[in-house]
Amino acid sequence: MGGVEDEEPALKRTKLSSKGLVGLSNGSSSVDRVVGSSSDLMARPLSTEGDDDIVGTKGIIKRGEFVRIITKALYSLGYKKSGEHLEEESGISLNSSVVNLFMQQIRDGDWDKSVTTLNKIGLEDESIVRAASFLILEQKFFELLDGDKVMDALNTLRTEITQLCVDSTRIRELSSCIVSPCGRDGSSRRDSLRARTRLTLLEELQELIPPNIMIPEKRLEHLVEQALLLQREACLFHNSLEKEMSLYSDHHCGKTQMPSRTLQILEAHDDEVWFVQFSHDGKYLATASNDRTAIIWEVNINGELSMKHKLCGHQKPVSSVSWSPNGQELLTCGVEEVVRRWDVSTGKCLQIYEKNGSGLISCAWFPCGKYILSGLSDKSICMWELDGNEVESWNGQKTLKISDLEITSDGRHILSICKENAILFFNKETKDERFIEEDQIITSFSLSKDSRFLLVNLLNQEIHLWNIQGDPKLVGKYKSHTRSRFVIRSCFGGVKQSFISSGSEDSQVYIWHKNSGDLVAALPGHSGAVNCVSWNPANPHMLASASDDRTVRIWGLKCLDVKYPNAYSNGNNHHCNGGELR
């Protein structure tokens, strides 16, 4: 049982001691069991036995609060007798008698008396009293309408609700339930405005009233969940969907959850590999190379990668790729050349995107999958339909010659490097522009899956993490990798994208914990600069890295028994399908 449906004692017998009103016992709901004068019904933060005692070893948990929260949890779980026994044995009441009376009046629909009792609870903030009274009287209004007592409901609205001077917009909405009961589409305004039971009303009131007077529902569960989540977020190596959290011991993961062992080396390119990216479903990997080709690799059910297609047709090195939202098509971009769109299943080139007088330098898909975007060497950004029809072009200094390009998951904002030290956030609907400005030259950037964070690689061998919700804020910095001559790319990855990975000119792959900034691993193996990394979004234990040594390494867990054979360049497996379109 949960929520306010739980059978907390509505009213309890009181017992008086030298400390005043301190105990409530057997859960009877009879109002005449409340003793004392009306002044006794003033509820203040409970001054009960145990308030001055501290439990735990850190000296921060008050015994009275602790016991009350446990009592609340017992009632929420349906253990009514246990809750009553705890109150009686500890001498610490869950609620004061006036709060119990107030809650029972809400359950019974005794609205006028509940408003009177509310004013005896001892709330110091008058705005809270008015807001709570508004909720109660609004409930009274709707229940009168439900009982076809329209004039009584109108009187409540005029003489009680309006007098509170709270939420004039809501008052007009309530008035419309009487003046015009049906909306333009024939639906009931009353049904659209009202979605509250008395139990839901109690929950809303508990959110308004200070927690030391009325403990919020499921407070203990919330505290425990917070503790577990904080432990998990603080764990440097938590990278498993299957790792269950337990209340019996503190959470801890070892390095065994991190990809740290080379499982496979892909050697099908004839020159430096500049770019690597997994498809959104993790079933494919695309690599792009200075050898003017891109390769689509298929991730088998056992995690081994095999070549599916080698994509030929570009006249210049392939600098980047971009997967369609459904993973069925792939864009490849030549260096200041053209963008090609490929069918993943057949390896056939479906369309070439180009613009007279300008080379294309970057590519991206809109989330809807109906349009593509490209940065041009003349510093403009162009939007195409899939058939090659140009839809829109944004001129001016929107992008640099060597530039990444991203689109937020809602399809509204386009991100590009517009100056050496600035990233442009361009709203394609309103044409508004915002900027992230760095003190150093920006070499590349990467957007998180949820579009909340941006990784920015800088010339000074730092990676910055920006929270881009609302006004952009710098929230993290990562160091240790090296970068002096080349464009090095980084990515988000792991469970809930809790890690940052980057290539490096020292031939290693680096992994940091996103929240703490701690370096988790530096993976040796390549013999040339690591230009780009990509974490499999469907497998937190699989990471790919592309290097100047002409290879792509697939990293996995050390504990895996399997080690796949290297994928060598093999003429029988190469499918050059760029000849149809030039």
Cα shape, the stretch 334-450, gyration tensor, a/c 1.5 rule: prolate
Rounded to the nearest 10 Å², the accessible area of L154 at probe 1.4 Å: 40
5 Å binning of all Cα-Cα separations within the stretch 54-176, expressed as whole percents from 0 upward: 2, 10, 15, 15, 14, 13, 9, 9, 7, 3, 2, 0, 0
The stretch 512-562, relative contact order [Cα under 8 Å, separation at least 6], %: 26
FRET efficiency, D281 to D148 (Cβ-Cβ, R0 56 Å, nearest 0.05): 0.50
Phi-based couplings in Hz for the stretch 157-169 (Karplus 6.51, -1.76, 1.60; Gly and Pro marked x): 5, 6, 9, 10, 5, 4, 5, 6, 6, 10, 6, 4, 5
S484-V179 pseudo-label distance in nm [points 7 Å out on the Cα-to-Cβ vector]: 7.6
E124 versus E207: modelled label distance in nm, points set 7 Å from Cα along the beta carbon direction: 2.5
List D167, D506, ordered by accessible area with a 1.4 Å probe, largest first: D167, D506
Over the stretch 309-403: Kirkwood hydrodynamic radius from C-alpha pairwise inverse distances, Å: 13.1
Cα principal axis extents for the stretch 241-306, largest first, Å: 56, 20, 18
For Q351, distant residues with modelled amide H under 5 Å away: R341
Selection of trypsin sites (Lys or Arg not before Pro), the stretch 320-350, meeting DSSP coil and at most 13 other Cβ within 10 Å: none
Heavy atoms of E204 accessible to a 1.4 Å probe, total area in Å² rounded to 10: 60
Where labels lie 7 Å past Cα in the beta-carbon direction, separation of M245 and R198 in nm: 3.6
Prolate/oblate/rounded call for the stretch 314-355, Cα gyration tensor, a/c under 1.5 rounded: prolate
Exposure ranking of L519, L263 by accessible area [1.4 Å probe, largest first]: L519, L263
With 5 Å bins from 0: P(r) over the stretch 380-533, alpha-carbon pairs, percent: 2, 9, 18, 21, 19, 14, 9, 5, 2, 0
Amide H partners (placed H, <5 Å) of E329, local residues excluded: S324, V344
Ordering of 373-386, 424-437, 540-553 by packing [mean C-beta count within 10 Å, highest first]: 540-553, 373-386, 424-437
The stretch 425-451-the stretch 462-505 distance, computed between alpha-carbon centres (Å): 14
Cα shape, the stretch 105-181, gyration tensor, a/c 1.5 rule: oblate
Rg over Rh [alpha-carbon atoms, Kirkwood Rh] for the stretch 257-557: 0.93
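The values are calculated or read from the model by the stated rules, or taken from the named source; none is laboratory data. What you see is a predicted model; the values in this text were computed from it and never measured. Quick reminder, even Gly has a Cβ in these numbers, built from the backbone with ideal geometry, and neighbours come from all protein chains shown. What goes into the accessible areas is simple: the full protein's heavy atoms, side chains included, and nothing from ligands, DNA or RNA. Shrake-Rupley method; radii C 1.70, N 1.55, O 1.52, S 1.80 Å.
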